[in-house]
Amino acid sequence: MDCETLKCHHCSAEAGTTAAIYSLESGVTSDCRPWNEKVRIFVCPSCSAVQAPINEAWRGSVGKIYRDYNTYAAAGGEEQKVLDSDGMSARSRVIVGWLASLGLLAPRGEVLDVGCGRGAFLREFTGQFQEWGLSGTEFDDRNARMLQQLPRFKGLQTARFDKLSGEYDVISMVHVLEHIEDPVVCLEALRRRARNGALLLVQVPDWTENPFALAIADHATHFTPAILERVARRAGWEPVATPGQVVPKELTLLARAGGDCTASNKADEEVESRLDERLSWLRGVRRQAQVLCQNATNFGIFGTAVAGTWLAGAPDMEVEFFVDEDPSRIGAKHLSIPIISPGDAAEGSDVFVGMAPAVSKRLAGKYRDAAARFHAVKSLDAL
């Protein structure tokens, strides 16, 4: 473990020489490609924000990732499915359904989806709120033609946050804020585009429940509920509720424009120990997968998202197949490796369910009577 002089991009405090740099030997990109460079993380001693050391080297790496970025490539462009009470559902459907259930939105209004991609969130939103105008932002216009097919779509903006135009009643950021170098400045800029009483919806990974999120090379911040809430308050957004898990393994924040912009930078002494534990767990899970692979005659990995991709990219991993429950992925290939359904894994095969502990245990149990052997990861309690 190295120590460096670093500046926190949340509170701007000089971390000083006592800031420990934690690292993984390799990572994964957020669009699910192996990343064969170190992933470096530190905890600010002043505010406990878990983050990447933002410097020119990091920006250069992230620039390379975004040049070839391809959202939802393994699913042919379809949005990732997540687990909910009905089984597998598109993430945006779960989020919008939850938002609709709160009864907070008027019959008409304007929504801005920041980082709208191919329009998955806006498509689900207009299905629930048919009279709302839709707008989006992205760093380029590659999906503009697709977005223009949405009903009541007003336009795609590719300007910087401080150059955006329009006024909105809902501003959404689904898996975007963790990529932003200065999240407070970003949310302040969006606050200026918010009408009185507007709502901000933010969703980010929860690394405490899903440590695989720590391996994502292009994430600038790894949020905890406290840090996410504090960032919102400092930018003038008042949380409606404490950030929670609307989608498993992810944090969802709903906040209203008009906060007092004050929030304590008080450090949480337990954050660094939790980070150290989860990084140790990640290394142990990768070793667990490597040993299983070496002893198996036919080895597969369950899942083609971040976790499965990171594990498949480990040294000496010879993955014969991926397993996935998502019908949109079955029959396709990921990393040039075929994706099959759990029931199609051959008898005697070994399938490593490399996912967040709770999900891994549930899936391994679900397929305990299958022809193949499904192996769960070690629990976090085993640390």
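Bear in mind these aren't lab numbers, they're just calculated from the coordinates by the rules spelled out. Predicted, not measured: the structure shown is a model, and the values here were computed from it. Please note: Cβ atoms are built from the backbone with ideal geometry, for glycine as well, and neighbour counts cover all protein chains shown.
Below are the figures for this structure:
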quantity	calculated
Dipole magnitude of the range 77-257 about its Cα centre (Cβ charges: Lys, Arg +1; Asp, Glu -1), debye to nearest 20	480
Spatial separation of Cα centroids for the range 287-329 and the range 127-162, in angstrom	36
Residue exposure sequence - 230, 193 - by fewest surrounding Cβ within 10 Å	193, 230
Degrees separating the helix 270-295 axis from the principal Cα axis of the chain, which is the longest one	40
Order by protection proxy (mean Cβ within 10 Å, highest first), peptides 357-369, 231-243	231-243, 357-369
Global geometry of the range 108-160, whether rounded, prolate or oblate, following the gyration tensor of its Cα atoms and the 1.5 cut on a/c	prolate
Binned Cα-Cα distances of the range 248-383, short to long, each 10 Å bin given as a whole percent	11, 37, 27, 13, 9, 3, 0
Relative contact order of the chain, defined on C-alpha pairs under 8 angstrom at six or more residues apart (%)	15
C-alpha long axis of helix 91-101 to longest principal axis of the chain, angle in °	50
Entries in 81/361; 38/361; 81/333; 163/249 that, when Cα-Cα distance is taken, lie over 22 Å	38/361; 163/249
Options 128, 48, 89, ranked by Cα towards positive dipole end of the range 28-140, top entry (Cβ charges)	48
Among [x] 21; [y] 16; [z] 29, the entry that matches percent of Cα pairs over 39 Å apart as calculated here	[y]
The range 188-337: radius of gyration over Cα atoms, expressed as a fraction of 2.2 N^0.38 Å	1.32
Ratio of the Cα radius of gyration of the range 77-257 to 2.2 N^0.38 Å, where N counts its residues	0.96
Surrounding net charge for residue 371, when Lys and Arg each add one and Asp and Glu each subtract one, Cβ distance under 11 Å	-2
Lys, Arg +1 and Asp, Glu -1 on Cβ, resulting dipole of the chain about Cα centre, debye, nearest 20	620
Degrees, to the nearest 10: 357-366 long Cα axis against longest axis of the chain	50
